[in-house]
Amino acid sequence: MMVVGIVVVCVVIAALAFLVPRLSRHPQNGTQRTLGLGSRASSKAPGPLGRLLSKPFSSGSRAVGRSGSAGRRARGKMPF
């Protein structure tokens, strides 16, 4: 379920970054901040369980950042 949610957020951020690049930064940063909070909270679990639980949040945050930058980059390459 978490994977589907992150995929949907990535698609929305990429589309927003392509359509309105300047206005896409705030939602992207908010999403990354929220995922970072989940990562920090889940990493408090003891031992290897903490690393295992925080991994989806950190990789999701990285994916959101990549999709936003890819949308802005694609917009910059458009001829108009």
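The values are calculated or read from the model by the stated rules, or taken from the named source; none is laboratory data. All values reported here derive from a predicted model rather than from experimental measurement. As a convention, Cβ positions derive from the backbone with ideal geometry for all residues, glycine included, and neighbour counts pool all protein chains shown. Surface areas here come from the heavy atoms of the whole protein model, side chains and all, with no ligands, DNA or RNA. Shrake-Rupley method; radii C 1.70, N 1.55, O 1.52, S 1.80 Å.
Worth pointing out:
- Scanning the stretch 70-80 for residues that are touching a residue at least 24 places away in the same chain (Cβ under 8 Å) and within 17 Å of the chain's Cα centre (by Cα) yields a count of 3.
- Evaluating ARG33 against the criteria (1) open to solvent by 40 Å² or more (accessible area, probe 1.4 Å); (2) farther than 18 Å from LYS55 by Cα; (3) free of Cβ contacts under 8 Å to residues at least 24 places away in the same chain leaves one unmet condition, (2).
- Condition check for SER24: in contact with a Leu (Cβ under 7 Å, 6 or more places away or on another chain) and open to solvent by less than 50 Å² (accessible area, probe 1.4 Å): yes
- Any hit, the stretch 52-73, residues being in contact with a Cys (Cβ under 8 Å, 6 or more places away or on another chain), polar (S, T, N, Q) and surrounded by 12 or more Cβ atoms within 10 Å (Cβ to Cβ): yes
- If you go through the stretch 20-53 and keep only what is within 14 Å of the chain's Cα centre (by Cα), of a type in the set (Gly, Ala, Ser) and closer than 13 Å to MET2 by Cβ, you end up with GLY38, SER39.
- Boolean, ALA41 is surrounded by 12 or more Cβ atoms within 10 Å (Cβ to Cβ) and in contact with a helix residue (DSSP H, G or I) (Cβ under 6 Å, 6 or more places away or on another chain): no
- Residue pairs meeting the criteria (Cβ under 8 Å; at least 6 apart or on separate chains; first farther than 16 Å from VAL11 by Cβ, in the stretch 52-69; second polar (S, T, N, Q)): LEU53/SER42; LEU53/SER43; SER54/SER39; SER54/SER42; SER54/SER43; PHE57/SER39; PHE57/SER42; SER58/SER39
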